[in-house]
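Coordinate-derived values only; no laboratory data. Owing to the predicted nature of the structure, the values given are computational and were not obtained by experimental measurement. Reconstructed Cβ throughout: ideal geometry from the backbone, glycine too, with neighbour counts over all protein chains shown.
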Amino acid sequence: MPVKVSVEWVGDKCSRPQDCGKCLEVCPCTVFVRYATDREPNKEPESYVIVPSFKRFCILCYRCVEACPNKAIKVSVQEA
């Protein structure tokens, strides 16, 4: 039976994505990408977001959920 995988990053729960990145480190399928939200020339970004850009690669290992200290990653499965 086909399933649909949903991977969500809850920004309100992730306090410092630029410093943590545990979800990025543990994901064996590189589902997540960290993006700067305030890019300016010749200046280091101060604000970042984590985006599950490659949800289709998720193998449902839940390592990202387990690694996140703030419970900011939600993974769920629904029938397609």
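I want to confirm something. Restricting to region 27-71 and keeping residues that are in a loop (DSSP other than H, G, I, E, B) and touching an Asp or Glu at 6+ places or on another chain (Cβ under 8 Å), which single residue is surrounded by the most Cβ atoms within 10 Å (Cβ to Cβ)?
Ranking the qualifying residues of region 27-71, first place goes to Pro52.
If I ask for residues that are within 9 Å of the chain's Cα centre (by Cα) and surrounded by 13 or more Cβ atoms within 10 Å (Cβ to Cβ), which ones from region 5-16 would you list?
Matches in region 5-16: Val7, Trp9, Val10.
Given the conditions (1) farther than 16 Å from Ser15 by Cα; (2) out of contact with any helix residue (DSSP H, G or I) (no Cβ under 6 Å at 6 or more places or on another chain); (3) in a strand (DSSP E or B), which single one is not true for Val75?
So Val75 meets the others, but not (2).
If you go through region 7-46, how many residues are among the small types (Gly, Ala, Ser) and without any contact (Cβ under 8 Å) to a residue 24 or more places away in the chain?
1
In region 1-55, which residues are within 20 Å of Gln78 (Cα to Cα) and of a type in the set (D, E, K, R)?
Selection gives Lys4, Glu8, Lys55.
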